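The values are calculated or read from the model by the stated rules, or taken from the named source; none is laboratory data. All values reported here derive from a predicted model rather than from experimental measurement. Note: ideal-geometry Cβ built from the backbone for every residue, glycine included; neighbour counts use all protein chains shown.
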Amino acid sequence: MILGTKARYAVMAMVELAGRTPDKAITLTELADSQEITVPYLEQIFSKLRQRGIVRSVRGPGGGYMLGKPAEQIFISDIIEAVNETMKMTRCNAHEKPGGCMSGRAKCLTHDLWEGLEKNIHNYLHGISLADVRAKKLAPVFKDTGFHTHT
(Lines give C-alpha, C1' and ligand atoms only; values in the text may rest on other atoms or scores of the structure.)
Protein backbone atom coordinates (compact mmCIF):
# COMPACT_ATOMS: atom_id res chain seq x y z
CA MET A 1 0.00 0.00 0.00
CA ILE A 2 1.19 3.46 -0.84
CA LEU A 3 -0.45 6.26 1.08
CA GLY A 4 -1.54 8.99 -1.32
CA THR A 5 -0.08 12.48 -1.34
CA LYS A 6 -3.36 13.97 -0.14
CA ALA A 7 -3.17 11.96 3.09
CA ARG A 8 0.56 12.53 3.60
CA TYR A 9 0.27 16.27 2.97
CA ALA A 10 -2.77 16.51 5.23
CA VAL A 11 -0.86 14.86 8.07
CA MET A 12 2.22 17.02 7.45
CA ALA A 13 0.18 20.24 7.47
CA MET A 14 -1.78 19.18 10.56
CA VAL A 15 1.38 18.35 12.50
CA GLU A 16 2.71 21.78 11.56
CA LEU A 17 -0.56 23.44 12.61
CA ALA A 18 -0.52 21.56 15.92
CA GLY A 19 2.89 23.05 16.67
CA ARG A 20 1.74 26.62 16.24
CA THR A 21 0.25 28.92 18.89
CA PRO A 22 -3.12 27.31 19.75
CA ASP A 23 -5.17 30.52 19.89
CA LYS A 24 -3.71 32.08 16.73
CA ALA A 25 -4.90 31.20 13.23
CA ILE A 26 -2.36 30.38 10.54
CA THR A 27 -2.89 31.06 6.85
CA LEU A 28 -2.68 28.34 4.25
CA THR A 29 0.07 30.35 2.59
CA GLU A 30 2.19 30.06 5.75
CA LEU A 31 1.52 26.33 5.96
CA ALA A 32 2.19 25.86 2.25
CA ASP A 33 5.51 27.69 2.50
CA SER A 34 6.70 25.81 5.57
CA GLN A 35 5.69 22.38 4.23
CA GLU A 36 6.47 23.03 0.54
CA ILE A 37 2.92 22.21 -0.56
CA THR A 38 0.90 24.30 -3.02
CA VAL A 39 -1.84 26.53 -1.63
CA PRO A 40 -4.54 25.18 -4.01
CA TYR A 41 -3.82 21.62 -2.88
CA LEU A 42 -3.99 22.67 0.79
CA GLU A 43 -7.29 24.43 0.11
CA GLN A 44 -8.78 21.13 -1.10
CA ILE A 45 -7.38 19.28 1.91
CA PHE A 46 -8.45 21.86 4.51
CA SER A 47 -11.95 22.06 3.08
CA LYS A 48 -12.37 18.37 3.89
CA LEU A 49 -10.71 18.71 7.30
CA ARG A 50 -13.04 21.61 8.13
CA GLN A 51 -16.12 19.59 7.15
CA ARG A 52 -15.09 16.95 9.70
CA GLY A 53 -14.41 19.50 12.45
CA ILE A 54 -10.70 18.70 12.56
CA VAL A 55 -9.86 22.34 11.79
CA ARG A 56 -11.88 25.51 11.97
CA SER A 57 -11.52 28.59 9.82
CA VAL A 58 -11.22 32.13 11.12
CA ARG A 59 -12.24 34.98 8.83
CA GLY A 60 -10.99 38.54 8.66
CA PRO A 61 -7.67 40.10 9.65
CA GLY A 62 -5.54 37.53 11.38
CA GLY A 63 -7.67 34.83 9.81
CA GLY A 64 -6.68 31.40 8.71
CA TYR A 65 -7.03 27.96 10.27
CA MET A 66 -6.82 26.57 13.78
CA LEU A 67 -7.23 23.09 15.20
CA GLY A 68 -10.88 22.18 15.67
CA LYS A 69 -10.10 20.38 18.93
CA PRO A 70 -7.02 19.74 21.07
CA ALA A 71 -4.11 18.00 19.34
CA GLU A 72 -4.42 15.13 21.83
CA GLN A 73 -7.89 14.38 20.43
CA ILE A 74 -6.98 14.39 16.72
CA PHE A 75 -5.70 11.03 15.54
CA ILE A 76 -3.73 10.41 12.38
CA SER A 77 -6.38 7.96 11.15
CA ASP A 78 -9.02 10.72 11.48
CA ILE A 79 -7.01 13.01 9.21
CA ILE A 80 -6.45 10.32 6.58
CA GLU A 81 -10.12 9.35 6.58
CA ALA A 82 -11.22 13.01 6.42
CA VAL A 83 -9.39 13.55 3.13
CA ASN A 84 -11.01 10.40 1.73
CA GLU A 85 -7.86 8.33 1.52
CA THR A 86 -8.26 4.66 2.24
CA MET A 87 -6.03 2.22 4.01
CA LYS A 88 -7.62 -0.63 2.09
CA MET A 89 -5.47 -3.68 1.44
CA THR A 90 -7.91 -6.11 -0.15
CA ARG A 91 -9.48 -5.74 -3.55
CA CYS A 92 -12.82 -6.73 -2.02
CA ASN A 93 -15.43 -4.11 -1.30
CA ALA A 94 -17.14 -5.77 1.64
CA HIS A 95 -18.93 -2.55 2.64
CA GLU A 96 -20.93 -2.50 -0.60
CA LYS A 97 -21.32 -6.21 -1.24
CA PRO A 98 -20.79 -8.87 1.40
CA GLY A 99 -18.37 -11.61 0.51
CA GLY A 100 -15.15 -11.53 -1.41
CA CYS A 101 -13.64 -10.41 -4.67
CA MET A 102 -13.66 -13.78 -6.44
CA SER A 103 -16.44 -15.05 -8.70
CA GLY A 104 -19.49 -16.01 -6.72
CA ARG A 105 -18.37 -13.48 -4.02
CA ALA A 106 -15.88 -15.95 -2.55
CA LYS A 107 -12.90 -14.59 -0.64
CA CYS A 108 -9.47 -15.13 -2.16
CA LEU A 109 -6.98 -17.20 -0.18
CA THR A 110 -5.04 -14.12 0.96
CA HIS A 111 -8.10 -12.06 1.97
CA ASP A 112 -7.67 -12.54 5.73
CA LEU A 113 -3.95 -11.71 5.49
CA TRP A 114 -4.59 -8.34 3.81
CA GLU A 115 -7.62 -7.57 5.94
CA GLY A 116 -5.56 -8.18 9.10
CA LEU A 117 -2.83 -5.87 7.83
CA GLU A 118 -5.42 -3.19 7.07
CA LYS A 119 -6.85 -3.42 10.60
CA ASN A 120 -3.38 -3.24 12.18
CA ILE A 121 -2.46 -0.15 10.17
CA HIS A 122 -5.73 1.53 11.11
CA ASN A 123 -5.32 0.66 14.80
CA TYR A 124 -1.74 1.92 14.80
CA LEU A 125 -2.68 5.25 13.19
CA HIS A 126 -5.74 5.56 15.42
CA GLY A 127 -3.47 5.25 18.45
CA ILE A 128 -1.29 8.22 17.47
CA SER A 129 -2.47 11.79 18.00
CA LEU A 130 -1.06 15.01 16.58
CA ALA A 131 0.29 15.73 20.05
CA ASP A 132 2.14 12.40 20.03
CA VAL A 133 3.80 13.19 16.70
CA ARG A 134 4.77 16.68 17.87
CA ALA A 135 6.24 15.23 21.08
CA LYS A 136 7.94 12.40 19.15
CA LYS A 137 6.11 9.87 21.32
CA LEU A 138 5.89 7.18 18.70
CA ALA A 139 6.64 4.05 20.68
CA PRO A 140 7.76 1.14 18.56
CA VAL A 141 4.86 -1.20 18.05
CA PHE A 142 6.80 -4.20 16.86
CA LYS A 143 9.94 -5.61 18.38
CA ASP A 144 12.81 -6.01 15.92
CA THR A 145 12.96 -9.74 15.37
CA GLY A 146 16.08 -9.55 13.27
CA PHE A 147 14.07 -10.63 10.24
CA HIS A 148 15.50 -9.34 7.00
CA THR A 149 14.34 -9.88 3.47
CA HIS A 150 16.33 -12.24 1.33
CA THR A 151 18.21 -10.86 -1.63
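Take the range 34-71 and flag every residue that is crowded, with 17+ Cβ neighbours inside 10 Å and either in a helix (DSSP H, G or I) or on the phi > 0 side of the Ramachandran plot (or both). Hits for the range 34-71 are Leu42, Ile45, Phe46, Lys48, Leu49, Gly64, Ala71.
When Leu28 is tested against (1) without any contact (Cβ under 8 Å) to a residue 12 or more places away in the chain; (2) surrounded by 17 or more Cβ atoms within 10 Å (Cβ to Cβ), just one condition goes unmet, and that condition is (1).
Name the single residue, out of those in the range 72-91 being hydrophobic (A, V, I, L, M, F, W, C) and part of a loop (DSSP other than H, G, I, E, B), that is farthest from the chain's Cα centre (by Cα). This residue is Met89. Only a single item in (1) at pLDDT 85 or above; (2) in contact with a Lys or Arg (Cβ under 9 Å, 6 or more places away or on another chain); (3) farther than 19 Å from Gly4 by Cα is not met by Gln73, and it is number (2). For the condition at pLDDT below 95 and closer than 30 Å to Asn120 by Cβ, Ala25 does not qualify. Here is a list of conditions, (1) under 14 Å from the mean Cα position of the chain (by Cα); (2) free of Cβ contacts under 8 Å to residues at least 40 places away in the same chain; (3) over 22 Å from Gln73 (Cα atoms), and Gly4 meets all of them except one; can you say which number that is? Of the numbered conditions (1) under 14 Å from the mean Cα position of the chain (by Cα); (2) free of Cβ contacts under 8 Å to residues at least 40 places away in the same chain; (3) over 22 Å from Gln73 (Cα atoms), the odd one out for Gly4 is (2).
Those residues that are in a helix (DSSP H, G or I) and under 19 Å from Asp78 (Cβ atoms), I need them from the range 9-33; list them, please.
Tyr9, Ala10, Val11, Met12, Ala13, Met14, Val15, Glu16, Leu17, Ala18, Leu31
Looking only at residues of the range 99-150 that are farther than 19 Å from Met14 by Cα and of a type in the set (Ser, Thr, Tyr), we find that the one that is modelled with the highest pLDDT is Thr110.
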